[in-house]
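FYI, it's all coordinate maths here, none of it is from the lab. Just so it is clear, the structure is predicted and the values come from calculations on it, not from any experiment. In this analysis, Cβ positions are derived from the backbone assuming ideal geometry, glycine residues included, and neighbour counts consider all displayed protein chains.
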Amino acid sequence: MHEAKISNAPTVTIWCTGKPRRELLAVGDLADAFLCLKTTPDHVSQVGTGKDIIIADFAQLVANVVGYRGRFVFATSWPDGPPQKLLDISELSRLGWRARILLPDGIAEAYANFIARRRADHAQSQKDLAAQKVASD
């Protein structure tokens, strides 16, 4: 989505029909769940949010965060895979744990980190080029 935004691409291709549902979890919530489970040795639990989202809606959410204003083309020749992937988080819920990072917030944070890394990489590249120029002069 970022590259499509930067290049003003009119479309982004999504490799499925956009109809399957997927559960997504922020890595911070995953780490928090592991800490919760650490207190209960030998306890096995599925870690998730207990909520899923339609892939087409997820794509729109990412586009909104990134600022992409084009449209989606769904490559329906690609397989959808299972119609839904949603974990049973009842065991983890009984331990009092729940995901705290909302999907839009997690996407916004991930995108902000991506942009910050790109800027830092660009700044370092500029410094490296300047140093090479000085060394060659």
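Give the residue list of trypsin sites (Lys or Arg not before Pro) in the stretch 93-129 that are DSSP loop and have at most 14 other beta-carbon atoms within 10 angstrom.
Within the stretch 93-129, the qualifying trypsin sites (Lys or Arg not before Pro) (loop, at most 14 other Cβ atoms within 10 Å) are Arg98, Arg100.
Considering the chain as a Gaussian network with a 10 Å cut-off on Cα pairs, which listed residue, Val65, Val27, Val47, attains the greatest mean-square fluctuation?
Val27
What does the charge dipole of the chain about its Cα centre add up to, to the nearest 20 debye, if the Cβ of each Lys and Arg holds +1 and the Cβ of each Asp and Glu holds -1?
Using only the charged Cβ atoms, the result is roughly 340 debye.
Pairing the Cα long axis of helix 103-136 with the longest principal axis of the chain, what angle in degrees results, from 0 to 90 and rounded to the nearest 10?
That helix lies at roughly 30 degrees to the long axis.
Just want the answer: with Cβ charges of +1 for Lys and Arg and -1 for Asp and Glu, which residue in Ala9, Pro104, Pro41 is farthest toward the dipole's positive end in the chain?
Selected residue: Ala9.
Helix 27-38 against the longest principal axis of the chain: what's the angle in degrees, Cα atoms only, rounded to the nearest 10?
Roughly 40 degrees between the two axes.
For His2 and Gln46, what is the calculated FRET efficiency with R₀ set at 41 Å and r taken between the beta-carbons, to the nearest 0.05? Spell out each step's value before the answer.
Values: r = 31 Å, r/R0 = 0.76.
The computed FRET efficiency comes out at 0.85.
Looking at the chain, what % of the alpha carbon pairs are farther apart than 20 Å?
Percent of Cα pairs beyond 20 Å in the chain: 62.
The stretch 86-120 to the stretch 1-45: how many Å between their Cα centroids?
First find each Cα centre; the distance between them is then 7 Å.
On a 0 to 90 degree scale, rounded to 10, what angle separates helix 55-66 from the longest Cα axis of the chain?
40
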